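Down below is the structure, laid out as structure tokens.
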Amino acid sequence: MASVKSIVDLEINVPQEELFKLFADPRNNPKWMHDLDRYEPVSGKEGMPGSIYRLVPKKGNMIFLATVLDRNPPNDFRLNLEASVADVAIAANLTALSPTKTRLISEEVFTLKGFLNGLLGPLFARNAMKTAHRNHMMDLKRFAEESIVKTL
């Protein structure tokens with residue numbers, strides 16, 4: 001199986017604890033992921049290690065089953081997403097730069113399933129995967145910064 005790694009490093013104008021709460025709560029995913037229709041809890045306490053939920057897209061049929069692997073507030077968390085054609089290992093690390101600014105480093109490793117996907121996917125889909133990752137993190141940045149402004 002072939003893998004593609006993508007790392008996005010952003011400064012977000014939100015306190016570390018607040019950003020962690022917004023990002024690590026799967027109920028917020030449809031609020032900031034522009035291509036996500038809904039989040040469906042499957043089992044466990046939402047957002048806690050061992051919990052499982054479904055991410056259903058607005059278009060297409062690639063539904064991801066997400067499992068929360070680890071959660072260490074307000075510093076980091078890890079998820080695994082599974083779909084029919086790919087798995088995605090997600091690790092997010094948050095570091096306070098100031099009382100109102102946080103550095104987010106999001107790493108995603110896409111592992112493509114199947115012989116043809118594994119062979120051709122990295123060649124043809126590498127840029128699309130990295131672009132989607134960056135777009136999602138920019139969506140999160142906008143959502144988090146707008147959420148903080150609304151609470152002031």
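The values are calculated or read from the model by the stated rules, or taken from the named source; none is laboratory data. In this text the structure is predicted, and so the values were computed from the model without any measurement. Note that each Cβ is placed from the backbone with ideal geometry, even for glycine, and that neighbours are counted across all protein chains shown.
Residue check: residue 151 meets all listed conditions (1) β-branched (Val, Ile, Thr); (2) modelled with pLDDT of 95 or more; (3) surrounded by fewer than 16 Cβ atoms within 10 Å (Cβ to Cβ); (4) farther than 25 Å from residue 56 by Cα but one, namely (2). Once the range 73-83 is narrowed to residues that are closer than 19 Å to residue 130 by Cα and of a type outside the set (D, E, K, R), the residue that is surrounded by the most Cβ atoms within 10 Å (Cβ to Cβ) is 79. Quick one: is residue 130 surrounded by 14 or more Cβ atoms within 10 Å (Cβ to Cβ), more than 17 Å from residue 76 (Cα to Cα), at pLDDT 85 or above and not hydrophobic (A, V, I, L, M, F, W, C)? Yes; evaluated as a whole, the condition is true for this residue. For the range 13-55, the set of residues classified as exposed (fewer than 15 other Cβ atoms within 10 Å of the Cβ) and among the hydroxyl-bearing types (Ser, Thr, Tyr) consists of 43 only. Pairs meeting the criteria (first residue in the range 44-73 and closer than 19 Å to residue 110 by Cβ, second residue surrounded by 15 or more Cβ atoms within 10 Å (Cβ to Cβ) and of a type in the set (S, T, N, Q), beta carbons under 8 Å, at least 6 apart or on different chains) are 55/29; 66/80; 67/51; 67/80; 68/51; 69/80.
For first residues located in the range 107-120 and modelled with pLDDT under 55, partners that are surrounded by fewer than 16 Cβ atoms within 10 Å (Cβ to Cβ) and lie 6+ apart or on another chain with Cβ distances below 8 Å form the pairs 117/85; 118/1. One residue stands out in the range 63-72 among those that are surrounded by 13 or more Cβ atoms within 10 Å (Cβ to Cβ) and not small (Gly, Ala, Ser): the one that is farthest from residue 133 (Cα to Cα), namely 72. Taking the criterion of being farther than 24 Å from residue 113 by Cα, of a type in the set (A, V, I, L, M) and under 15 Å from the mean Cα position of the chain (by Cα), the residues of the range 4-32 that qualify are 10, 19, 22, 24.
Among residues of the range 91-109 being of a type outside the set (Gly, Ala, Ser) and surrounded by 18 or more Cβ atoms within 10 Å (Cβ to Cβ), the one that is farthest from residue 11 (Cα to Cα) is 108.
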